[in-house]
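J.: Here it is, the structure, as structure tokens.
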Amino acid sequence: MEPLVSIKPFLAVMVSLLAVVPILLLRSWPNLREAVTFLAGFVKWGLVLSMLGPVLDGMQIEYTAAEVLPGLPIRLRVDALGMLFALVASTLWIVTSAYSVGYMRSLKEHSQTRYFVFFSVALSATIGVAFAANLFTLYLFYELLSLATYPLVTHHQNQEAKRSGRKYLTYILGTSIGLVLPGMLMVFSLSGTLDFQPGGILNEQFSKGLIGLLLFMFVFGFAKAGLMPFHAWLPAAMVAPTPVSALLHAVAVVKVGVFSILRIVTGVFGMDLLGTFNLGQGLAYIAAVTIVVASLVALTQDGLKRRLAFSTIGQLAYIILGAAMLSPKALTGGMVHIAMHAFGKITLFFCAGAIFVATGKKNVSEMVGIGRRMPITMGAFLVGALAVIGLPPTGGFISKWYLVLGSMEAGQSLMLGVLLFSSLLNAGYFLPVFYRAFFCTPEEALFENQVKEAPAWCLVPLVGTAGVSILLFFYPQPFFGLAQLAVP
Amino acid sequence: MNDQLPALIIVLPLVSALLVNIAGRVGRSYCWLFTVLVMTAVTGCALGLVSRVMTQGIIHYRLGGWPAPVGIEYVVDHLNVLMLVLISAVSLVAAIYSGPAVQREIPEQTTSFYTLFILLVAGLLGMTITGDAFNLYVLVEISALTGYGLIALGQGRAFLASFNYIIMGTVGACFYLLGVGHLYIKTGSLNMKDLYQLLPSLYSSETIAVAFILILAGVWAKMAFFPLHTWLPNAYTYAPTATSALVAPLMTKVSVYVMIRIIFSVFSPEFAFHISAVRHLVVWMAVVGIVTGSVMALLQTDFKKMLTYLIIAEVGYMVGGVWLANRAGITGAVLHVINDALMTLSLFLVAGVVTYRTGGHQVRNLQGFYRIMPWTMAAFTLAALSMIGVPPTVGFFSKWYLMLGAIHGAQWHFVAALVFSSLMNALLFFRIMEMAFFDAPDPAQAWVGPEAPVSMMAPVLGTAVGLLAVGLNSRVIVDRFIQFVIPAGL
């Protein structure tokens, strides 16, 4: 079917990039400045939503911004997978913006204008990756995202931020230049195009060794996906203000990584080619190791954000495992997990930030009895934890369920075991936090028995995302429908 | 008038180089205005030539009406019209920018600076436009001699640096002249087109092979191709700010153009590239040059000197790209001539602003610059990203073709060198950005204050925007110009 030509995807990308100008101009009027962020957020969300209907009807929407070199256009194409991701990202941007206002103002953070500027740019890049119609466009926005998030990660501008920022760029930029760029050129040189095609653009005429090499150049090259051994940047990036960790390091940046890998697997290689050469298995092992090791490490972390970061590394590998098992059900599960994990994990980060704003505590061991003081926050924490573990009544159950079904469909009993074992580990690192928050003797409790939640700007977003996590269990649309459309 | 454009673009600056002295007598400050006007006119001529070449094809212009091969012929084709625009535009930007820098650093020599400045531009334009191998030598010397003078206007080590440059530059020019002499002995002609037709029957002659090697060695010395690069870092580092803004982006790039011109229009690609061992050797030299340049750049604490080593690495990009001897590689090399000139210009303009404001050009002078001079740093960041090769800046697109050419030619070491150099650039530029972002400004700095004057900042910002604008329009350059440059059969 011919794609629909419309400028909407381009506008959806550009709106937050253009918002930078008014944000900068209004730097002396914080309320107006934040109003611009919200306005851009809602316009972007509206543009994405307006394309949802046609995409659910099986249409694709395309826009070519420029043909920069012959055969190398900057082109956007909205399909089901891209729509799924864009919808998650643009929705959560609005929520995070509200949370940012509460968080940044409560802590009286410096350079708030810079913060909102780069947040806007990062969102443009995220939507750009989601809608990219070819590998070049994807790479362009991928790099833009890496660069735009650096000032956010290093926001505090102290020695720790400097160290972490260095690690962040080394991993992210080093792999994208060192592996993805030559990989992309090799694909272009082999196939003459970089356009994502439903069945892939490479075929059996190339040797298994070459295809395997390319696959791993991309899988490790997109280090934002956090596959081991290229994961260490994510815990380091937790030095960022919490809203950054929440949106970027649970949703936008890391999901851009897995999304890119999903795109490569489905649009460049094609599931059939990987099946023919039996390359899915290798990828599955890497993902499985990452899942188990990251979950085990998460158990040992006392810093709440670091624990969440390692949890994210494991959960991202679920999504890659979903693709690697080369079964339609597992792939559906993996894609839906992009959305389900996003809502669950962002809730958890919001909770961590709310605790920090209200009490200044960062470590799990210092949070004994905090549930009595912040019952709403810790209630939401439980919902987020359930979503990440994959238990009803949260949306996380649905994606895990499909991953498990897929592993059985593919006859991967080992991977089935990994999925179940890791769910236990997830429970093992989340539930004690919740338990210690509420169930402790009065002597053990570290907080006075007096309710004092974080400000409403922080509280409302986290209750909202927790609510959506529950809602998605009962009504997983449109994400589930989009994932089903996206699976070849 | 339009028919005389090829002559006008050379005669105009040649005459103006004398007239600027009169302007200098009237008042020193008029020199700047006069030069800017001349460069604007020259840029206009270059643009006029572009439109003529695009509509009418290649222009042959006989100086004084003497027919070739007796007279000197100027030829404007798709390759050198790009160069003419590049040279005149970069010179215009450098001229605008030079005002405050000259006033601060070399006020006494204002008149001589602008005389040499305009003459140098005339020399570079002439090297580009001429269709005569001996006339090329003359113009090489004009640009070289004025270059030595411009560099020697600097303080302290500039004299010694300029002297080293004179030695290597003269050796290079002599090699070139010797090579042209060999050609003349065998063919009796100096006109490039004539030589191109006469030479094929002599390709088996050893004299011609020696001539080719001599010319190549001479041009390599001029462009600071590894291992003939040692003169460049000091010469460009210790030159006055206004000199390096003009010389650093253009001199090496025009020499690369001369190499391409010699290979394509005097000899032929079949002759130049027919021995694969030689081809591979040159690509290997380029690889070593790229790696050495990048590593040496990383070791520098002087900001300008770091940039000079990057020029050496980038020369490796271009020479390697040409000697990949395939379509993508040569497209990349030609595109990189333009792109690298813009990137180098952008970076040296920033370095000049740093010098203007802080009195030095050490890396540590940039401490805290994101806060003090956000606009300068925005331009610097864009230029740095372009050097790293982040799309959609210009640096990405030429690197794209160069890597593609290397993959087509299965020259994996060249791919590895390009990736290595990109990573090194990322490392060294982010090291500076980190310092500018995290560290507090040094209180001991002499000139800490707001941004530099408008006549410096407009070129800085304009060039930075140009990196994006030209990058996004790379297809125009490739489709409308470069594709006609590459000889059939490659």
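Since every read-out is calculated from the coordinates, none of them should be taken as a lab result. No experiment lies behind these values; they were computed from the predicted model shown. Backbone-built Cβ (ideal geometry, glycine too); neighbour counts: all protein chains shown.
J.: Below 8 Å between Cα atoms, with a sequence gap of 6+, how large is the relative contact order for chain A in percent?
T.: On the way: 885 pairs, mean separation 73.9, N = 488.
Normalised by residue count, the contact order of chain A is 15 percent.
J.: Still on this structure, I have one more. Determine the shape class of the range A:229-321: with a ≥ b ≥ c the square roots of the Cα gyration tensor eigenvalues, call it rounded for a/c under 1.5, and otherwise prolate if a/b is greater than b/c, oblate otherwise.
T.: Because a/c hits 1.5 or more and a/b fails to exceed b/c, the range A:229-321 counts as oblate.
J.: Give me the percent of DSSP beta bridges within chain A that run antiparallel, rounded to the nearest 5. Write out the running numbers ahead of the final one.
T.: Details: 10 of 12 bridges.
Taking every DSSP beta bridge with both residues in chain A, the antiparallel ones total about 85 percent.
J.: If I model a spin label as a point 7 Å beyond the Cα along the Cα-Cβ vector, how far apart are those points for B:Leu298 and B:Lys186 in nm?
T.: If labels sit at B:Leu298 and B:Lys186, their model points lie 4.3 nm apart.
J.: Between A:Ser207 and B:Leu47, what is the label-to-label distance in nm when each label sits 7 Å out along the Cα-to-Cβ direction?
T.: Each label point lies 7 Å from its Cα, and together they span 5.4 nm.
J.: Continuing with this model, one more query. Go ahead and collect, in residue order, the members of the range B:329-356 whose backbone nitrogen is under 18 Å from a label point 7 Å along the Cα-Cβ direction of B:Asn473.
T.: Taking a point 7 Å out along Cα→Cβ of B:Asn473, the residues of the range B:329-356 whose backbone N falls under 18 Å are B:335-343, B:346.
J.: I'd like the distance between the alpha-carbon centres of the range A:230-292 and the range B:167-234, rounded to an integer number of Å.
T.: Distance between centres, Cα-based: 54 Å.
J.: What Kirkwood hydrodynamic radius do you get for the range B:369-490 when you take the inverse of the mean 1/r over all pairs of distinct Cα atoms, in Å?
T.: Numbers: mean 1/r = 0.0597 Å⁻¹.
Kirkwood radius, the range B:369-490: 16.7 Å.
J.: At what distance in angstrom do the alpha carbon centres of the range B:379-458 and the range A:416-470 lie from each other?
T.: If you average the Cα positions of each part, the centres end up 45 Å apart.
J.: List the residues whose amide H sits under 5 Å from the amide H of A:Asn363, counting only those 5 or more places along or on another chain, with H placed 1.01 Å from N in the peptide plane.
T.: Residues meeting the criterion, in which the H sits 1.01 Å from N, are A:Leu304.
J.: Between the alpha-carbon centers of the range B:90-145 and the range B:69-89, tell me the distance in whole angstrom.
T.: So the two Cα centres are separated by 17 Å.
J.: Could you give the dipole magnitude of the range A:52-172 about its Cα centre, charging the beta-carbon of Lys and Arg +1 and that of Asp and Glu -1, in debye to the nearest 20? The partial results should precede the final answer.
T.: Values: 9 positive and 7 negative charges, 132 e Å.
Dipole about the Cα centre, nearest 20: 640 debye.
J.: Now for a different question. Shape verdict for the range A:418-488, please, from the Cα gyration tensor: rounded (a/c under 1.5), prolate (a/b greater than b/c) or oblate. Please report the intermediate quantities before stating the final value.
T.: Values: a/c = 4.24, a/b = 1.63, b/c = 2.60.
Oblate shape, in that a/c is at least 1.5 and b/c is the bigger or equal ratio.
J.: Measure up A:Lys162/A:Lys452; A:Lys162/B:Lys253; A:Lys44/A:Lys305 against 31 Å on the Cα-Cα distance and list the ones that go over.
T.: Flagged as over cut-off: A:Lys162/A:Lys452; A:Lys162/B:Lys253.
J.: Over the range B:1-155, what is the mean sequence separation of C-alpha contacts under 8 Å (at least six apart), divided by residue count, expressed as relative contact order in percent?
T.: RCO, the range B:1-155: 29 percent.
J.: Follow-up question, since we're still on this one. Can you give the relative contact order of the range A:286-488 as a percent, counting alpha carbon pairs under 8 Å and 6+ residues apart?
T.: 30 percent
J.: Test of understanding: what is the full-extension gain from B:Val454 to B:Ala416, defined as 0.36 nm times their sequence separation minus their Cα-Cα distance?
T.: On the way: separation 38, 0.36 × 38 = 13.68 nm, distance 4.16 nm.
Contour length minus Cα-Cα distance gives 9.5 nm.
J.: Sort the range A:15-54 into rounded, prolate or oblate with this rule: let a ≥ b ≥ c be the square roots of the eigenvalues of the Cα gyration tensor; rounded if a/c is under 1.5, and if a/c is not under 1.5, prolate when a/b is larger than b/c, oblate otherwise.
T.: Numbers: a/c = 6.90, a/b = 2.72, b/c = 2.53.
Because a/c hits 1.5 or more and a/b exceeds b/c, the range A:15-54 counts as prolate.
J.: Can I ask one more? What is the spin-label model distance, in nm, from B:Arg157 to B:Gln56 if the labels are put 7 Å beyond Cα along the C-beta direction?
T.: Result: 5.1 nm between the two label points.
J.: Still on this model: Taking R0 as 35 Å, what FRET efficiency do you get between A:Gln281 and A:Asn31 from their Cβ-Cβ distance, rounded to the nearest 0.05?
T.: Plugging the Cβ-Cβ distance into 1/(1 + (r/R0)^6) gives 0.05.
J.: For A:Glu409 and B:Asp439, FRET efficiency with R0 = 56 Å and r from the beta-carbon atoms, rounded to 0.05?
T.: For R0 = 56 Å, the calculated efficiency reads 0.50.
J.: Still on this model: Based on Cβ point charges of +1 for Lys and Arg and -1 for Asp and Glu, what charge dipole magnitude is obtained for the protein assembly as shown about its Cα centre, in debye rounded to the nearest 20? Can you show the working numbers first?
T.: Working: 51 positive and 37 negative charges, 288 e Å.
The calculation lands at about 1380 debye.
J.: What residue among B:Ala217, B:Leu202, B:Leu345 has its Cα farthest toward the positive end of the dipole of chain B, where the charges are +1 on Lys, Arg and -1 on Asp, Glu, each on the Cβ?
T.: Checking the options against the dipole of chain B, the answer is B:Leu345.
J.: Nearest 20 debye, what's the magnitude of the dipole of the range B:1-139 about its Cα centre given +1 on Lys and Arg Cβ and -1 on Asp and Glu Cβ?
T.: So the dipole magnitude of the range B:1-139 works out to roughly 280 debye.
J.: Okay, next question. For chain A, what is the mean residue ellipticity at 222 nm derived from helices alone (per DSSP H run of n ≥ 4: -39500 (n - 2.57); sum divided by total residues; nearest 500 deg cm²/dmol)?
T.: Mean residue ellipticity at 222 nm (helix-derived): -23000 deg cm²/dmol.
J.: When only alpha-carbon atoms are used, what values of Rg and Dmax, in angstrom, describe the protein assembly as shown?
T.: Using the Cα atoms of the protein assembly as shown, the pair Rg, Dmax is 30.7, 106 Å.
J.: Go through B:Phe438, B:Ala406, B:Thr358 and say which Cα lies farthest out towards the positive end of the charge dipole of the range B:275-490; charges sit on Cβ, +1 for Lys and Arg, -1 for Asp and Glu.
T.: Of B:Phe438, B:Ala406, B:Thr358, it is B:Ala406.
J.: Aspartates and glutamates within cross-link reach of A:Lys362: Cα-Cα under 20 Å, excluding same-chain residues under 8 positions apart?
T.: Once the sequence-local aspartates and glutamates are set aside, what remains near A:Lys362 is A:Glu109, A:Glu160, A:Asp302, A:Glu444, A:Glu448, A:Glu453.
J.: Taking 0.36 nm per intervening residue step and subtracting the Cα-Cα distance, what contour gain separates A:Thr113 from A:Asn158 on full extension?
T.: 14.4 nm
J.: Using the Cβ atoms and a cut-off under 13 Å, what net charge is assigned to the surroundings of A:Val336, where Lys and Arg are +1 and Asp and Glu are -1?
T.: +3
J.: Continuing with this model, one more query. Let's test this: bin the Cα-Cα distances of the range B:144-210 at 10 Å from zero up to the farthest pair and state each bin's percent.
T.: 19, 34, 19, 19, 9, 0
J.: Still on this model: Could you state the angle between the C-alpha long axis of helix B:5-26 and the longest principal axis of the C-alpha atoms of chain B, as a value from 0 to 90 degrees rounded to the nearest 10?
T.: That works out to roughly 40 degrees.
J.: Å³ per residue of the Cα convex hull, for the range B:275-490? Show your work: numbers first, answer last.
T.: Details: hull volume 21.7 nm³, N = 216.
Taking the convex hull of the Cα positions in the range B:275-490, it is 100 Å³ per residue.
J.: If chain B were replaced by its equivalent ellipsoid, with semi-axes equal to the square roots of 5 times the Cα gyration tensor eigenvalues, what would those be, largest first, whole Å?
T.: 34, 27, 20
J.: For the range A:357-364, just list the computed ³J(HN,Hα) in residue order, Karplus coefficients 6.51, -1.76 and 1.60, θ = phi - 60°, integers in Hz, with x standing in for Gly and Pro.
T.: Along the range A:357-364, the couplings run 5, 7, 10, x, 8, 10, 9, 4 Hz.
J.: Set the Förster radius R0 to 41 Å, insert the Cβ-Cβ distance between B:His408 and B:Trp375 as r into 1/(1 + (r/R0)^6), and round the FRET efficiency to 0.05.
T.: Efficiency for this residue pair is about 0.50.
J.: Step through the residues of the range B:404-419 one at a time and calculate ³J(HN,Hα) from phi using the Karplus curve (6.51 cos²θ - 1.76 cosθ + 1.60, θ = phi - 60°), rounding each to whole Hz and writing x for Gly and Pro.
T.: The phi angles translate into 4, x, 5, 5, 4, x, 6, 8, 5, 5, 6, 4, 4, 5, 5, 5 Hz.
J.: Name the residue from A:Ala354, A:Met378, A:Gly428 whose Cα lies farthest towards the positive end of the charge dipole of the range A:286-488, charges +1 on Cβ of Lys and Arg and -1 on Cβ of Asp and Glu.
T.: The residue sitting most towards the positive pole is A:Ala354.
J.: If you don't mind, there's one more thing I want to ask. From the C-alpha coordinates alone, can you work out the Kirkwood hydrodynamic radius of the range A:162-219, in Å?
T.: With all distinct Cα pairs of the range A:162-219 included, I get 12.8 Å.
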